[in-house]
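The values are calculated or read from the model by the stated rules, or taken from the named source; none is laboratory data. Remember, predicted model here, so these are calculated numbers, not experimental data. Cβ placement follows ideal geometry from the backbone for every residue including glycine, while neighbour counts extend to all protein chains displayed.
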Ligand code: ADP
């Protein structure tokens, strides 16, 4: 301390000043001469100016070695401005390259110092080094930038996967080709913003690609150009098919020739990026997926990858949809065939015994609606072992055959019986077979049956007819033979003809006529069977025909009185019509002779004819008796062949053919024949006949 007091007092401020971590320097405000500076400041200068050599020198002389030459004028201007205006100046993170090329960063300030008159006399420069902060910040920024770059890549990758995943998910939701395509297009639209996305479906039969779906829908003209693309045409969809690889064009404006561009774009001057992915599922070409983008694309861009990735899902889904629809079509075809079969078809599942299919014919034969049949367990239908036909014959119930088939047996041509819910009986001819897997396991059974009730009853009637016919034919023949023998005896005895011989001759004649009528009816029936039955239409007087028949019939009976009832006509009138006179006579004769036959007690028979002014081209004819009549439940079948009502006495001869033939004749004249009757009190037969 003492020695210190002897020498000049230590300049502590200088010590502090020199060791400050802040560089500081004082300049003369007039000429920017360096007045003083600390060591930290000197170290920043060019080596030639260090160690205090810059003191007393103008800033402009040592500044060029200190700051980059280009920045010097601007910096000098800052100093001058501060000196002149007295405005302090602050600068952050100024880069400073010191010799050796090392860059340091500084925050520096320039503060004016005033004298008592308020004049700026000096400028104080202070600078603190912030290199470490700046570098740390720069590093942090770089890391951040790298991170956000990575994040972006992750996001793009994620979005690409999302599109593919979303297409995959959505196309699996449907089995309809159009919906599959729509789902894929919508999924792509939801993630990217393409100008157009569209799909084409392959039509290998016609070697064309057909537009399936497009979003958004372009103008009609543009749409028409891509609606149908031949496999060998110039469109990129066809090229993609031929080369089996996606077509990717970064920018249509530069990547394809002006002429070819029209095949890629939908609307002129629009579209840059283009992708067309051929959709192959194994060796099967399903179609194409195309997109046009507003901006150029990169071949490895997310859009391209997403479309290619989605294409795989779309191809698989379209293939499934196609197979599904082929199977469906096949099934529909089969169903249509089965539904139109006149035979009933029923399929029964082996595992639960439920009916899984029944066609319309099955439903109408069994008398149960299809909807009710399907899903019903077979055992719901009573399976009593034997049922009997109305004729008393035992037959198996209809489901018997199918139950055997379920146990693996094949049954063919089995007569079975259905008792319908309404109680009616239907006789069936059934065949049933098991349905097996390739392994031989029985999965179900099918039964095919046809209604043979009518055939059966026809057969029965035919048999009955044969016995009736032989009896009917034998009766007149026996009578004729008897009469002939009588005459022969008389002739042998050389006697002349007496009253009994004359009766015999009349009897022979009558019986021969009757025989001939029976034979004629039988012939007519076989003519109808073989379509040899024809009408000889010609103009005739219907009234005259009717009068002749009535007159002829009157002479055959004494017990009955035939009364003619004409409405709207006189017996002397004519009633011109166009008809087969012989057939019409036969028909009218049949109705009148039936009225006589089936009124064994005799009585009046009314034969009527009516022509009204309202229907001048039509007549109504009726034959009314008061005989045995016909039971109500038999009346509807009375016009069928071999049908004879149960109340008719077997002694009343007949083959059950007359009304059948009458109906054929009237129907072929476009007329209508029907009967009204009350059992026990008589019948009326009507014919409505057009005259032309
Ligand atoms: P058939 O030769 O037996 O008379 P048809 O075909 O002319 O044959 O008549 C069929 C059946 O209709 C007859 O067997 C009879 O039972 C009934 N029938 C026809 N006409 C009459 C009638 N006028 N009155 C009662 N029953 C009739």
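Numbers at a glance
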{"item": "Some residue of region 537-544 being touching a helix residue (DSSP H, G or I) at 6+ places or on another chain (Cβ under 6 Å), over 24 Å from residue 597 (Cα atoms) and free of Cβ contacts under 8 Å to residues at least 60 places away in the same chain", "result": "yes"}
{"item": "Members of region 217-234 that are assigned to a loop (DSSP other than H, G, I, E, B) and within 25 Å of the chain's Cα centre (by Cα)", "result": "217"}
{"item": "Residue 36, sole failed condition from (1) at pLDDT 85 or above; (2) part of a helix (DSSP H, G or I)", "result": "(2)"}
{"item": "Selection within region 172-191 - over 20 Å from the mean Cα position of the chain (by Cα) and surrounded by fewer than 21 Cβ atoms within 10 Å (Cβ to Cβ)", "result": "186, 189, 190, 191"}
{"item": "Pair list, Cβ under 7 Å, 6 or more apart: region 655-678 residue on the phi > 0 side of the Ramachandran plot, other residue within 11 Å of the ligand (Cβ to nearest atom) and not in a helix (DSSP H, G or I)", "result": "656/641; 656/642; 656/643; 656/644"}
{"item": "Every pair of residues 6+ apart whose Cβ atoms lie under 8 Å, when the first sits in region 636-654 and is at positive phi while the second is part of a loop (DSSP other than H, G, I, E, B) and near the ligand (Cβ under 8 Å from one of its atoms)", "result": "642/655; 642/656; 642/657; 654/644; 654/648"}
{"item": "Test result for residue 605, near the ligand (Cβ under 7 Å from one of its atoms), more than 56 Å from the chain's Cα centre (by Cα), farther than 19 Å from residue 534 by Cα and not in a helix (DSSP H, G or I)", "result": "no"}
{"item": "Output for region 610-623, where each listed residue is in a strand (DSSP E or B) and either loosely packed, with under 15 Cβ neighbours inside 10 Å or more than 9 Å from the ligand (Cβ to nearest atom) (or both)", "result": "610, 618, 619, 620, 621, 622"}
{"item": "Residue selected from region 412-449 under the condition in contact with a helix residue (DSSP H, G or I) (Cβ under 6 Å, 6 or more places away or on another chain) and at pLDDT 90 or above, by the criterion surrounded by the most Cβ atoms within 10 Å (Cβ to Cβ)", "result": "447"}
{"item": "Residue that is farthest from the ligand (Cβ to nearest atom), among those in region 660-670 that are out of contact with any helix residue (DSSP H, G or I) (no Cβ under 7 Å at 6 or more places or on another chain) and in a helix (DSSP H, G or I)", "result": "668"}
{"item": "Among the residues listed as 485, 489, 510, 501, the single one being away from the ligand (no atom under 16 Å from the Cβ), farther than 30 Å from residue 574 by Cα, in contact (Cβ under 8 Å) with a residue 12 or more places away in the chain and out of contact with any strand residue (DSSP E or B) (no Cβ under 7 Å at 6 or more places or on another chain)", "result": "501"}
{"item": "Residue in region 4-17 that is at pLDDT below 85, surrounded by 15 or more Cβ atoms within 10 Å (Cβ to Cβ), within 21 Å of residue 106 (Cβ to Cβ) and over 60 Å from the mean Cα position of the chain (by Cα) present", "result": "yes"}
{"item": "Test for residue 681: is it within 12 Å of the ligand (Cβ to nearest atom) and closer than 18 Å to residue 561 by Cβ", "result": "yes"}
{"item": "Inter-residue pairs, beta-carbon under 7 Å, first under 20 Å from residue 188 (Cα atoms) and in region 138-158, second surrounded by 10 or more Cβ atoms within 10 Å (Cβ to Cβ) and modelled with pLDDT of 75 or more, 6+ apart", "result": "156/302"}
{"item": "Every residue from region 219-232 that is in contact with a helix residue (DSSP H, G or I) (Cβ under 9 Å, 6 or more places away or on another chain) and surrounded by 15 or more Cβ atoms within 10 Å (Cβ to Cβ)", "result": "225, 226, 229, 231"}
{"item": "Residues that are touching a helix residue (DSSP H, G or I) at 6+ places or on another chain (Cβ under 9 Å), over 19 Å from residue 189 (Cα atoms) and in a loop (DSSP other than H, G, I, E, B), drawn from region 277-297", "result": "282"}
{"item": "Count - residues of region 631-651 that are under 16 Å from residue 465 (Cα atoms), modelled with pLDDT of 85 or more and either near the ligand (Cβ under 8 Å from one of its atoms) or in a loop (DSSP other than H, G, I, E, B) (or both)", "result": "7"}
{"item": "Complete set of residues in region 576-602 that are away from the ligand (no atom under 16 Å from the Cβ) and exposed (fewer than 15 other Cβ atoms within 10 Å of the Cβ)", "result": "576, 578, 582"}
